[in-house]
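Submitted below is the structure of interest, expressed as structure tokens.
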Amino acid sequence: AQSVTQLDSQVPVFEEAPVELRCNYSSSVSVYLFWYVQYPNQGLQLLLKYLSGSTLVKGINGFEAEFNKSQTSFHLRKPSVHISDTAEYFCAVSDLRSGGSNYKLTFGKGTLLTVNP
Amino acid sequence: DSGVTQTPKHLITATGQRVTLRCSPRSGDLSVYWYQQSLDQGLQFLIQYYNGEERAKGNILERFSAQQFPDLHSELNLSSLELGDSALYFCASSVVGSGGGVTDTQYFGPGTRLTVL
């Protein structure tokens, strides 16, 4: 079984400061990794995903994440945040089951990023 | 706008009642996924359909059922509702999700907020 741990439930930062949202996963098989963002009263939007290849993944809105297999982590970073980045961020995994069709996403509990002026 | 539509946006009902949530996937997407988001459980996968057939089941209660119709829209039926069923229910869709489609992005709808009184 897979699990995802988002270490911080809330992260307050000031505008233009850098931010890192932490995500660790546990799985007995190789995984695909995702970060989704949920703005207030909206659905989830994909920020970025890691499937294979380069461990540094760039996404939308200036976000990037680095896959670290040895530490089973997939932390999300942005060098300078804006007020509009205030939202809840979810890390998710989907496992690589050869020949299977179970593509469910397992989500972490979410991290509420609040950007203050 | 993800292209996934969900109706109704809000639903208020009483314990013991039955409700139906509807989802229309993005044009061309064959897979539909249902997720439940609650404060205590977070985002949890319920069930996946691919081209009309059930493909994967998650933490879906026996009181809940779903189906995908020939036009690919899906309905989630919740019966004998309890207070604890109050949650945000999301539908997501992807192009395939079967036999190699695990890399497909899941696009989420805006959700249906269910309140059971």
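Values quoted throughout were computed directly from the atomic coordinates according to the rules given, and no laboratory measurement underlies them. Values in this document were obtained by computation on a predicted structure and should not be read as measured data. Reconstructed Cβ throughout: ideal geometry from the backbone, glycine too, with neighbour counts over all protein chains shown.
Long-range amide H contacts for residue A:114: which residues qualify at under 5 Å (H placed 1.01 Å from N, peptide plane, sequence gap of 5 or more or a different chain)?
A:11, A:13
On to the next question. Out of residues 5 or more away from residue B:56 or on other chains, whose amide H comes under 5 Å of its own, with H placed 1.01 Å from N in the peptide plane?
Sorted by chain and number, the residues that satisfy this are B:48.
Still on this model: Mean separation of Cα pairs under 8 Å and 6+ residues apart, divided by the residue count of chain A: what relative contact order is that in percent?
Details: 288 pairs, mean separation 43.4, N = 117.
Once divided by the residue count of chain A, the mean separation gives 37 percent.
Another question, if that's okay. Report the equivalent ellipsoid semi-axes for chain B in whole Å, largest first, defined as the square roots of five times the eigenvalues of the gyration tensor built from alpha carbon atoms. Don't jump to the answer; show the numbers that get you there.
Numbers: eigenvalues 110, 37, 34 Å².
Whole-Å semi-axes of the equivalent ellipsoid: 23, 14, 13.
Of A:104/B:9; A:109/B:9; A:78/B:57, which ones are farther than 31 Å apart at the Cα? Don't skip to the answer; put the middle values down first.
Values: A:104/B:9 24 Å; A:109/B:9 23 Å; A:78/B:57 35 Å.
Pairs exceeding 31 Å: A:78/B:57.
Using the Cα centre of the range B:24-117 as origin and beta-carbon charges of +1 (Lys, Arg) and -1 (Asp, Glu), tell me which of B:36, B:107, B:83 is placed farthest towards the positive end of the dipole.
B:107
Compute the distance in nm between two label points, each set 7 Å from the Cα along the Cα-to-Cβ direction, one at residue A:58 and one at residue A:29.
Once both label points are built, they end up 3.2 nm from each other.
Take the alpha carbon atoms of the range A:66-85, find their center, do the same for the range B:48-69, and report the distance between the two centers in whole angstrom.
33
Dipole magnitude of chain A about its Cα centre, charges +1 at Lys/Arg Cβ and -1 at Asp/Glu Cβ only, in debye to the nearest 20? Kindly include the intermediate steps, with their values, before the conclusion.
On the way: 9 positive and 9 negative charges, 91 e Å.
Here chain A has a charge dipole of around 440 debye.
Starting from 0 in steps of 5 Å, tell me what percent of the Cα-Cα pairs of chain A lands in each bin.
2, 12, 23, 25, 19, 11, 5, 2, 1, 0
Could I ask something else about it? Applying the Karplus parametrisation 6.51 cos²θ - 1.76 cosθ + 1.60 with θ = phi - 60° to the phi angles of the range B:53-59, what ³J(HN,Hα) value in whole Hz is obtained for each residue in order, glycine and proline being reported as x?
10, 5, 10, 7, 10, x, 7
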